[in-house]
Amino acid sequence: MKLYLRLVGVVLALLVSSGLYAQTTIERPNLSIPSKIGPAYFGPNAFPVPDMLDGRTSAELRLELYGDCFLGTTTGSVADDITGDVFAKLTIPLFTSKANLAVWMPIFEYFHTSAEVNALRRLPHAGSLQGFDSGDAYVSADIRILSQERHHCDMSVRAALKTASANRFAEGRCYDAPGYFFDVAVGRGIAINEGRGGELRVAVSTGFLCWQTDNGRQNDAVMYGALLKWGYKRFCVDTCLGGYVGWEGEGDRPMTLKTNLSYALGDWSIRLSHQVGFMDWPYHQLRLGVTWRFDILGR
C-alpha cells in the first residue's frame, strides 16, 4: 500500500510541475483558414500517433526506457530533420490488474533541422537549427471492461491527457498547448501450438483525439488502429497500422505503420522497433530499449 501511494504521489507531482495548461491568448477563431498546426509541420514528438492498446491492461508494474532515432522525409531527404531522444514510460496497476495509470514522455531530445524544412514549417529562421529539449508528458487511465475468459474478447478504454511541458515551440519541436484523447480497444488471442505458449492476437481500436490550435479553436480527430501480434515462448512480434483524421485536412491526418520485436529475459525484455509515416507524419523511427516488469500486486 505504501509503495502504491508513493508511486501515485510522484506521478501527480510530475504533472503539476510540468504545467497542464499553456498560456495562450484567446481571440475569435477563424475556422475558414487551416491552422497548419499538426504533425506534418512539427517535430516527430509534437503530434505522435499514440501506441494502441490490445484490449488488455497490465497486472505488473512496467518501466520502459528507449532510445529513438527519427529521420525526417518532408523534403525527400532523410537529413532534413534528424532527431534523437530518450523516451520513458511507467505503467502502474491501480490496486488491480483491471486498471492502470500510465505516464510517458521523451525526457530528452536532440534535433537538427535544415533550412529547407524550416521554411516549409514557416519558422522565423533563415538557416538550419539544432538544439535540445524535453518533450510533452502524457498521462492516461487505462481500464479493462471485458475479458476474453468470460466474454470471448478483451476490451479496454483509455482516457489520456497531454501536457504543455515542452519548450521549443519557436523551432517547431512542440506546440505549446494541451490536448487529450479517448479510445477503446477490442482484442482476442488465439492459441497456437497449445501447451508451448504460442499465441496469435488481433485487435482494433477507435477513439477521439483533440488539441488546441490557434485563436482559441481546437482540432478534433477520429483515431483508428489495427494490430496483429504473434508470441512464442520468449519472442513476440507485432505490427500496428494506426493514425487519426483531423477535421482541418491540412497536415493533420497522420498514418503510420509500427513494427516491434521483443525478447524476454526473466523480468526484463529487449525491444527493437521501426515506425514509418505514410501521411502527415514524415518520419522513419528506429527504437531500441528495455522493459522491466515487477509483480507489484503479488508481492
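The residues of the range 121-156 that are in contact (Cβ under 8 Å) with a residue 24 or more places away in the chain and among the basic types (K, R), listed by number, are R121, R122, R144. Can you confirm whether the range 146-161 contains a residue that is part of a loop (DSSP other than H, G, I, E, B), within 30 Å of S128 (Cβ to Cβ) and not basic (K, R)? No: zero hits.
Residues in the range 272-295 that are part of a loop (DSSP other than H, G, I, E, B) and buried (at least 18 other Cβ atoms within 10 Å of the Cβ): D280, W281, P282. Across the range 211-238, the number of residues qualifying as surrounded by fewer than 17 Cβ atoms within 10 Å (Cβ to Cβ) and either more than 30 Å from I37 (Cβ to Cβ) or at pLDDT 90 or above (or both) comes to 10.
Yes/no matrix, rows are residues, columns are (1) assigned to a strand (DSSP E or B); (2) more than 21 Å from F182 (Cβ to Cβ); (3) touching a Gly at 6+ places or on another chain (Cβ under 6 Å):
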| residue | (1), (2), (3) |
| --- | --- |
| A221 | yes, no, yes |
| D238 | yes, yes, no |
| V245 | yes, no, no |
| I270 | yes, yes, no |
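Applying the selection to the range 239-254, what residues are more than 14 Å from I37 (Cα to Cα) and free of Cβ contacts under 8 Å to residues at least 40 places away in the same chain? Once the filter is applied, which keeps residues that are more than 14 Å from I37 (Cα to Cα) and free of Cβ contacts under 8 Å to residues at least 40 places away in the same chain, the range 239-254 yields T239, L241. Here is the figure for the range 146-175: residues that are out of contact with any Asp or Glu (no Cβ under 9 Å at 6 or more places or on another chain) and under 23 Å from R188 (Cα atoms) total 6.
On the given criteria, is L120 surrounded by fewer than 19 Cβ atoms within 10 Å (Cβ to Cβ), out of contact with any Phe, Trp or Tyr (no Cβ under 7 Å at 6 or more places or on another chain) and under 18 Å from P50 (Cβ atoms)?
Working: surrounded by fewer than 19 Cβ atoms within 10 Å (Cβ to Cβ): yes; out of contact with any Phe, Trp or Tyr (no Cβ under 7 Å at 6 or more places or on another chain): yes; under 18 Å from P50 (Cβ atoms): no.
No, not satisfied.
When the test is whether a residue is surrounded by 21 or more Cβ atoms within 10 Å (Cβ to Cβ), under 19 Å from S165 (Cβ atoms) and within 22 Å of the chain's Cα centre (by Cα), F47 passes it. Inside the range 91-117, residues that are crowded, with 16+ Cβ neighbours inside 10 Å, modelled with pLDDT of 90 or more, of a type outside the set (S, T, N, Q) and more than 30 Å from L146 (Cα to Cα) make up a count of 3.
Looking only at residues in the range 157-188 that are under 23 Å from L228 (Cα atoms) and among the aromatic types (F, W, Y), the one that is surrounded by the fewest Cβ atoms within 10 Å (Cβ to Cβ) is F182.
If the condition is being of a type in the set (G, A, S) and out of contact with any Gly (no Cβ under 8 Å at 6 or more places or on another chain), then the range 80-106 contributes A88, S97, A99, A102.
Take the conditions under 17 Å from the mean Cα position of the chain (by Cα) and more than 20 Å from W268 (Cβ to Cβ) and apply them to T75. Does it pass? Can you show your working first?
Values: under 17 Å from the mean Cα position of the chain (by Cα): no; more than 20 Å from W268 (Cβ to Cβ): yes.
For T75, the condition - under 17 Å from the mean Cα position of the chain (by Cα) and more than 20 Å from W268 (Cβ to Cβ) - is not met.
Of the listed requirements (1) surrounded by 15 or more Cβ atoms within 10 Å (Cβ to Cβ); (2) in a strand (DSSP E or B); (3) in contact with a Lys or Arg (Cβ under 7 Å, 6 or more places away or on another chain); (4) not acidic (D, E), G251 misses just one: (2).
Can we say W230 is in contact (Cβ under 8 Å) with a residue 40 or more places away in the chain, aromatic (F, W, Y) and in contact with a Lys or Arg (Cβ under 9 Å, 6 or more places away or on another chain)? Steps first, answer last, please.
Values: in contact (Cβ under 8 Å) with a residue 40 or more places away in the chain: no; aromatic (F, W, Y): yes; in contact with a Lys or Arg (Cβ under 9 Å, 6 or more places away or on another chain): yes.
Answer is no for this residue.
A count restricted to the range 139-154 and to residues that are of a type outside the set (D, E) and buried (at least 20 other Cβ atoms within 10 Å of the Cβ) stands at 3. When A126 is tested against the conditions (1) touching a helix residue (DSSP H, G or I) at 6+ places or on another chain (Cβ under 7 Å); (2) buried (at least 19 other Cβ atoms within 10 Å of the Cβ); (3) within 24 Å of Y283 (Cα to Cα), the lone failure is (2).
The values are calculated or read from the model by the stated rules, or taken from the named source; none is laboratory data. In this text, all values refer to a predicted model and were calculated from it rather than measured experimentally. For neighbour counting, all protein chains shown are included, and Cβ atoms are generated from backbone atoms with ideal geometry for every residue, glycine included.
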